[in-house]
Amino acid sequence: MHGASPSQRAPELPKNSIHLLLNIMNSNGERIDLEYDGSIIVPAHNEETRLGLLLPVLSRAAQELRYLVVVSCNGCTDNTEDMARSAPGIHVTATSEASKSLALNEGEQLAGDVFPRLYIDADVITGLEDLRVLMDALRVDEPIAVRPSAYFMTADCSWLVRTFVEAQYIIPSSRKRRLDHLEGQGIYGTNRRGRQKFSSFPSLIADDTFFDSMFDLSEKRLVEGARVDLASPRFFLELFRVLTRVFVGNMELERWLTEERPDRLQNETSRPSEEHLSWTCIRSYCRRTFDSWHPAKVLPALLHLVILRAAMLRARYLYSRRKTIPWR
């Protein structure tokens with residue numbers, strides 16, 4: 001493990017109470033004080049067709065649980081911002097640039113020193129009680145990071161996409177990777193001590209993978225009492241584009257960590273790499289992985305690994321030429 005220089009270590013955030021008192025004007029122009037028990041930041045880019053299921057939950061969280069909820073719109077050209085502003089109790093910030101990292105940082109500026117804090121993708125489905133359980137899990141003194149149990153919705157997906165998703169639960173290394181890491185789960189969060197591990201979100205594709213890399217394995221928690229449902233790509237080409245972008249994001253993050261935070265590089269070794277997905281590794285893996293060679297297990301797993309391998313090769317090509325790929 002490399003030691004971080006003083007310039008690499010994140011500055012400490014203010015160490016005051018878990019609540020924050022904000023002065024806000026009511027409709028009569030009189031000052032009122034609001035006390036918050038936590039904060040939620042939701043970056044949103046053109047999410048008008050997906051945000052509608054989450055907004056009522058966020059609104060209730062703001063009003064019933066006293067959470068400071070910020071929807072951070074970035075580069076929206078649809079009605080996402082208007083939808084968010086119409087929801088009671090929700091604060092909205094908006095930028096013209098389509099950048100998730102910028103949206104996260106803008107949201108954090110507005111959220112200030114209100115902790116614990118959750119970061120939620122705008123297209124997920126979760127409940128009020130799930131948010132409360134996650135927040136409560138963060139009310140500890142030591143630095144920790146949490147995520148809920150995540151379930152992928154595949155009912156409307158093609159056979160190929162469903163097979164790929166289901167194989168994640170067949171392959172032991174995939175199951176372990178999902179348990180050990182926070183990224184790709186739609187929601188992650190931390191407390192004040194955990195947030196002191198970095199200064200701001202860098203301009204990277206993989207915000208959740210960056211966040212995950214800031215924490216040691218012992219500091220990460222799967223909160224089984226909380227649930228989130230995640231939308232899956234409906235068709236294979238959409239899935240392949242998403243996977244390619246994920247691998248590009250991993251490559252970008254590895255380079256950033258090497259240059260800016262080499263002390264956190266050791267946290268990246270359990271993610272899929274080109275070496276892990278080589279044909280030799282896949283053949284060796286298949287010989288020792290399955291306790292049953294029934295086609296119902298082997299074929300989906302092989303298909304999963306081949307798709308990952310192809311997406312990684314595509315990502316390496318794009319990254320080497322500094323080309324970008326859209327999320328959707």
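Quick notes on this structure:
- Residue within region 250-264 that is surrounded by fewer than 20 Cβ atoms within 10 Å (Cβ to Cβ), modelled with pLDDT under 95 and outside any helix (DSSP H, G or I) present: no
- Total residues in region 135-167, condition in contact with a Gly (Cβ under 9 Å, 6 or more places away or on another chain) and either β-branched (Val, Ile, Thr) or under 19 Å from Leu217 (Cβ atoms) (or both): 11
- Qualifying positions in region 158-169 - farther than 17 Å from Leu308 by Cβ and either touching a residue at least 40 places away in the same chain (Cβ under 8 Å) or not aromatic (Phe, Trp, Tyr) (or both): Ser158
- Matching residues, region 170-203, being within 20 Å of Ile307 (Cβ to Cβ) and in contact with a helix residue (DSSP H, G or I) (Cβ under 6 Å, 6 or more places away or on another chain): Ile170, Ile171, His181, Glu183
- Number of positions in region 54-104 that are surrounded by 15 or more Cβ atoms within 10 Å (Cβ to Cβ), touching a helix residue (DSSP H, G or I) at 6+ places or on another chain (Cβ under 7 Å) and not small (Gly, Ala, Ser): 20
- Selection of strands (runs of 3 or more DSSP E) fully inside region 30-126 by the criterion of at least 2 residues being at pLDDT 95 or above returns 38-44, 67-74, 91-95, 117-120.
- Failed item in (1) assigned to a strand (DSSP E or B); (2) without any contact (Cβ under 8 Å) to a residue 12 or more places away in the chain, with Ala150 passing the rest: (2)
- Filtering region 165-191 to residues that are modelled with pLDDT under 95 and within 12 Å of the chain's Cα centre (by Cα) leaves His181, Leu182, Glu183, Gly184, Gln185.
The values are calculated or read from the model by the stated rules, or taken from the named source; none is laboratory data. These figures come from a predicted structure and were not determined experimentally. When we count neighbours, we look across all protein chains shown, and the Cβ atoms used for this are built from the backbone with ideal geometry, even at glycine.
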